[in-house]
Every structure is written in structure tokens, then in C-alpha cells.
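J.: What follows is a structure written as C-alpha cells; I'll ask about it next.
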Amino acid sequence: MTFADFNFNEHLFEGITSMGFNTPTPVQAEAIPIILSGKDIIACAQTGTGKTAAYLLPVIHHISKLHNPKIDTLILAPTRELAQQIDQQVQGLGYFTGVTSIAIFGGGDGMVYEQQRKGIEHDANILIATPGRLLAHLASGKMKLKDLKHLVLDEADRMLDMGFMDDIMRIISFLPEKRQTLLFSATMPQRILKLAKSILHEPEQISLAISQPAVGIDQQIYKVFDSQKTPLIESLLKGSTYTSVIIFCGMKDKVKEVFKVLKGLKISVMAFHSDLKQNEREDILLDFKNRKLQVLVGTDVLSRGIDVEGIDLVINYDVPGDPEDYIHRIGRTARAATTGTAITLVNERDQRKLAAIETMIGRPVPETELPEQFGEKPVFKPMSAGGGGGNFNRRNKGKGGGGWKKRK
């Protein structure tokens with residue numbers, strides 16, 4: 001199958017071709033025909049599988065046929081970084097179609113809010129918004145969404161994790177009941193199914209590669225004491241051939257600490273955390289994308305908020321508490337059929353978290369021996385039967401879709 005098989009209009013197809021796309025990914029191959037048919041959809045696909053284009057392409061195709069200046073599509077996203085990335089993809093894919101878009105997110109000054117307001121008043125075809133800022137515009141009474149045809153919830157699980165459930169339902173109260181709703185999520189816990197049942201109409205459900213890392217990722221663990229973590233990272237990066245590296249830390253304070261150490265080694269590195277202003281975060285991401293930065297140190301906000309090709313090393317300074325977050329972290333590398341390395345540093349306290357990850361992916365993560373100069377490594381105690389996988393099993397109980405049509 002190629003993108004030509006979808007019979008997109010010539011201007012959209014020109015945009016697809018100019019961006020170098022030829023063969024759709026599995027989620028695109030399954031989701032696009034459903035969306036083109038006008039049906040609601042609930043799609044579960046992990047980060048890096050091309051799900052953004054899976055909903056953007058049919059939506060842009062629809063809008064480009066109407067030649068209508070009114071707001072047609074609302075896309076809700078959990079973070080400003082993801083909203084901006086989606087906006088950039090609209091601009092790339094829809095460049096020859098005349099379809100317009102604007103990203104609406106919090107942060108910045110009054111000038112940013114005013115720019116967003118003007119974009120809304122000029123009826124951009126596609127609004128990409130974080131829930132909080134969108135509600136501020138809706139409360140002003142300036143935004144009218146009575147002609148909306150499509151609602152997209154991207155990273156729906158993350159939005160619920162961030163506490164946006166009430167905001168989402170309030171936003172939906174402003175929308176016409178007759179619309180096409182597209183829900184995309186990397187995981188499918190019960191609360192997502194409950195949300196979907198309340199806002200979607202007879203949706204079709206597709207699930208692809210749920211909770212499995214890309215095959216091109218070389219996963220490794222080091223068993224370490226806390227005092228060995230930073231020196232080991234120094235050793236891994238010093239004189240290495242890695243050109244694009246992300247280090248995930250569990251806490252903002254640890255991000256700052258690791259950043260300070262690596263900066264002292266003359267490594268091209270920046271920290272990415274919530275204390276930064278919006279323009280600072282944008283500049284850092286742009287420098288990283290353009291290879292002006294070798295290393296980016298951040299929290300989990302990066303795991304779903306960055307879309308950069310060619311990241312060749314991901315380091316988990318701390319083991320994430322949720323196995324799904326592990327999938328998203330290491331999914332930053334080996335995107336689009338490339339290869340990459342993911343290294344996780346595991347102390348004694350994180351042994352059960354590692355067991356939960358291994359239960360989820362269905363195999364142990366290979367251990368790399370700690371170099372001799374670092375001394376002794378911790379000795380892990382044997383885990384009880386079932387390890388740490390109980391949490392995963394509970395999260396995914398009933399993952400069938402509750403009687404919805406499920407595509408094979």
C-alpha cells in the first residue's frame with residue numbers, strides 16, 4: 001500500500017510527496033480509511049508510529065474540499081510542545097492545500113494570547129490546543145465552534161493523567177453534538193474506555209503494537225548504586241560517538257543536578273524543565289532538533305512532547321514508576337524504522353519497577369556489566385512469583401473495548 005491508494009486530493013498528495021512520505025505506517029493504513037468514511041474511532045498506538053498523520057491527513061483532505069474559512073477541526077493535546085509539533089505537521093502536510101491552523105497554549109505573555117485570539121477570529125481551519133488555554137478563549141465568548149466537524153483527542157491517556165478530564169468535558173459542552181470524534185491514545189486503561197463511551201458514537205476500535213518498544217531499540221540495564229549513576233553517565237558520554245542523547249530523570253531537581261555535572265565536562269547539554277519560560281523551552285528544543293545540542297536532560301514531559309528524528313541514545317537515570325512511561329521514554333529513539341540504544345540505570349529500590357517493565361514487554365531487559373572501575377554493583381534479591389507485573393495486568397483488564405466493533 002502507498003498513500004496514493006487513499007485517493008487524497010492532488011494538493012494534499014503533493015504535500016505528502018514533498019515531505020518524503022510514500023508508504024503508510026500500520027496505524028495510518030488502518031485508521032485513515034475509517035476516518036475518511038466519517039466514522040468515530042478509538043485508536044491505540046504507541047509513540048512514534050505515525051498516529052498524528054493518521055488523523056491529520058483525512059482531516060486536511062476533508063477541509064481542502066470545502067474551501068470554507070470557518071473553524072472545522074479542534075485537536076486537543078496535553079502539552080504545548082505536542083500542540084506546536086502538530087501545528088508544524090499541519091503546515092507541512094497541508095502546505096499546498098491552503099488549509100490553515102493555529103496552536104493555542106498557555107504560557108508566554110499577553111502578546112501571545114492576543115496573537116492566538118486574532119488567529120481564532122480569522123477562522124483558522126484547525127485549532128490545536130491545550131485544554132486550559134482553550135477554555136480561557138471559550139470563556140471570553142469570542143470563539144464560536146458551532147460549525148465544528150471534527151474533534152481529535154491526541155494522547156488522551158496523558159491528558160487524563162494530567163487531570164484534564166473535567167476540562168475536556170467542559171470543552172465538549174461547547175461543541176455541536178453532530179461531529180466526528182477521533183480519540184488516539186498510547187494506552188487503553190479503563191478510564192479512557194469510559195471517556196470514549198461518553199463522547200464517541202459507535203466508534204470503531206483499532207489497537208496496534210500496544211506497550212511494546214520498537215524493534216530497533218537496543219535495550220540495556222546497568223545495576224548501580226545511586227552514587228554510581230552520574231559517574232557512569234559521564235563515562236558513557238565522554239568521547240562517545242552519540243550525537244543526539246536524551247536523559248530522563250524522575251524529578252526536576254535531579255535534572256538540574258545532572259545538567260550541572262555534564263556542563264562541567266564541556267558537553268553540549270541543556271536542561272528541560274517546568275521552571276523555564278516558554279520561549280526558552282522552544283529555543284532548547286529547536287537547538288536539539290537542529291543538532292546544536294548533543295544532550296538534553298529532562299523529566300517525562302519530554303517523553304511525549306518531543307518529535308525529533310535520529311535520537312541515538314536514551315538514558316533512564318531513574319526507572320519510571322509506570323511501565324507505560326518506560327515505553328514512551330525509550331520510544332524517543334529508533335523512530336521511523338531506525339535503530340537506537342536505551343540504557344536504564346537500576347538501583348535496589350527500583351527492582352520491582354524493572355520487573356513490571358519486563359512483565360509488560362514479555363522478556364527481560366539484558367544487563368550490561370558495570371565497568372570494573374566503578375567497583376561493586378548492588379545484588380538484587382530474588383523477586384516473588386509474578387514480579388512487579390500485577391499493576392500492568394490491572395491497568396489493562398478488559399482491554400477489548402466493551403462491545404465496540406474491533407478491527408482485526
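Residues are listed down the side, and each one gets a yes or a no for (1) under 24 Å from Leu57 (Cβ atoms); (2) more than 22 Å from the chain's Cα centre (by Cα); (3) surrounded by fewer than 18 Cβ atoms within 10 Å (Cβ to Cβ):
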| position | (1), (2), (3) |
| --- | --- |
| Asp166 | no, no, yes |
| Leu183 | yes, no, no |
| Ile192 | yes, no, no |
| Ala196 | yes, no, no |
| Gly216 | no, no, yes |
| Gln219 | no, no, no |
| Thr241 | no, yes, yes |
| Phe248 | no, no, no |
| Lys252 | no, no, yes |
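J.: Shifting gears a bit: For region 327-375, name all the residues that are under 18 Å from Ile247 (Cα atoms), in contact (Cβ under 8 Å) with a residue 60 or more places away in the chain and not in a loop (DSSP other than H, G, I, E, B).
T.: Ile327, His328, Arg329, Ile330, Gly340, Thr341, Ala342, Ile343, Thr344, Leu345, Val346, Leu354
J.: Considering region 201-239 alone, what residues qualify as being over 23 Å from Val365 (Cα atoms) and not aliphatic (A, V, I, L, M)? Give the steps one after another, and end with the answer.
T.: Step one: list which residues in region 201-239 are over 23 Å from Val365 (Cα atoms), which gives 201-207, 238-239.
Of everything in region 201-239, those that are over 23 Å from Val365 (Cα atoms) and not aliphatic (A, V, I, L, M) turn out to be His201, Glu202, Pro203, Glu204, Gln205, Ser207, Lys238, Gly239.
J.: Next question. With respect to Leu286, determine if the residue is surrounded by 14 or more Cβ atoms within 10 Å (Cβ to Cβ) and in the same structural domain as Ile330 (by TED's automatic domain parsing). It would help to see each step written out before you state the result.
T.: Numbers: surrounded by 14 or more Cβ atoms within 10 Å (Cβ to Cβ): no; in the same structural domain as Ile330 (by TED's automatic domain parsing): yes.
So Leu286 does not fit the description; no.
J.: Just give me the residues in region 241-256 being closer than 21 Å to Val346 by Cβ and without any contact (Cβ under 8 Å) to a residue 24 or more places away in the chain, in sequence order.
T.: Asp253
J.: For Gln116, indicate whether it is buried (at least 18 other Cβ atoms within 10 Å of the Cβ), in the same structural domain as Ile168 (by TED's automatic domain parsing), within 20 Å of Thr52 (Cβ to Cβ) and free of Cβ contacts under 8 Å to residues at least 40 places away in the same chain.
T.: Taking the combined requirement at face value, the residue does not satisfy it.
J.: Of all residues being in contact with a strand residue (DSSP E or B) (Cβ under 7 Å, 6 or more places away or on another chain) and in a helix (DSSP H, G or I) in region 238-264, which is nearest to Arg332 (Cα to Cα)? Just the residue, please.
T.: Within region 238-264, the first condition is being in contact with a strand residue (DSSP E or B) (Cβ under 7 Å, 6 or more places away or on another chain), and the residues that meet it are 242, 245-249, 255-256, 258-259, 262-263.
The next check asks that each one be in a helix (DSSP H, G or I); those that pass are 255-256, 258-259, 262-263.
On the way: Val255: 18, Lys256: 21, Val258: 20, Phe259: 19, Leu262: 21, Lys263: 23 Å.
So, considering only residues that are in contact with a strand residue (DSSP E or B) (Cβ under 7 Å, 6 or more places away or on another chain) and in a helix (DSSP H, G or I), the one nearest to Arg332 (Cα to Cα) is Val255.
J.: Now a separate question. Identify the single condition in (1) without any contact (Cβ under 8 Å) to a residue 40 or more places away in the chain; (2) outside any helix (DSSP H, G or I); (3) within 18 Å of the chain's Cα centre (by Cα) that Ser207 does not satisfy, given that it satisfies every other one.
T.: Here Ser207 clears every test but (1).
J.: Say we look at region 167-204 and pick out the residues that are in contact (Cβ under 8 Å) with a residue 12 or more places away in the chain and among the acidic types (Asp, Glu); which of these is nearest to Ala53 (Cα to Cα)?
T.: Among them, the one singled out is Glu204.
J.: Residue pairs, Cβ under 7 Å, 6 or more apart or interchain, first in region 265-280 and assigned to a loop (DSSP other than H, G, I, E, B), second of a type in the set (A, V, I, L, M, F, W, C). List them.
T.: Final answer for the pair search is Ile267/Leu237; Ile267/Val295; Ser268/Leu293; Ser268/Val295; His273/Val255.
J.: Oh, and also: Which pairs have Cβ atoms under 7 Å, sit 6 or more apart or on different chains, and link a residue in region 212-237 that is in a helix (DSSP H, G or I) to one that is surrounded by fewer than 20 Cβ atoms within 10 Å (Cβ to Cβ) and among the aromatic types (Phe, Trp, Tyr)?
T.: Gln228/Phe374; Pro231/Phe374; Leu232/Phe374
For (1) among the basic types (Lys, Arg); (2) closer than 21 Å to Arg170 by Cβ; (3) buried (at least 19 other Cβ atoms within 10 Å of the Cβ), each residue gets a yes or a no:
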position: Ile71; (1), (2), (3): no, yes, yes
position: Leu74; (1), (2), (3): no, yes, yes
position: Glu81; (1), (2), (3): no, no, yes
position: Val112; (1), (2), (3): no, no, no
position: Asp123; (1), (2), (3): no, no, no
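J.: Let me ask something else. For region 1-30, which residues satisfy the criterion of being touching a residue at least 60 places away in the same chain (Cβ under 8 Å) and within 10 Å of Phe96 (Cβ to Cβ)? Step through it out loud before you land on a result.
T.: Here is the first cut: in region 1-30, the ones touching a residue at least 60 places away in the same chain (Cβ under 8 Å) are 9, 11-12, 14-16, 18-19, 26-27, 30.
Passing the criteria: Asn9, His11, Leu12, Glu14, Gly15, Ile16, Ser18.
J.: Can you confirm whether Lys194 is in a loop (DSSP other than H, G, I, E, B) and out of contact with any Pro (no Cβ under 6 Å at 6 or more places or on another chain)?
T.: When the stated conditions are applied, Lys194 does not pass them.
J.: Being under 20 Å from Leu135 (Cβ atoms), of a type in the set (A, V, I, L, M) and crowded, with 21+ Cβ neighbours inside 10 Å narrows it down to one residue among Ile104, Ile63; which is it?
T.: Working: Ile63 fails: under 20 Å from Leu135 (Cβ atoms).
None of the other options fit; the residue is Ile104.
J.: Still on this structure: Take the conditions in the same structural domain as Pro26 (by TED's automatic domain parsing), charged (D, E, K, R) and free of Cβ contacts under 8 Å to residues at least 60 places away in the same chain and apply them to Lys65. Does it pass?
T.: Working: in the same structural domain as Pro26 (by TED's automatic domain parsing): yes; charged (D, E, K, R): yes; free of Cβ contacts under 8 Å to residues at least 60 places away in the same chain: yes.
Criteria met by Lys65.
The values are calculated or read from the model by the stated rules, or taken from the named source; none is laboratory data. Keep in mind the model is a prediction, meaning the values are calculated, not measured. All Cβ positions, even for glycine, are placed from backbone atoms using ideal geometry, and neighbour counts span all protein chains on display.
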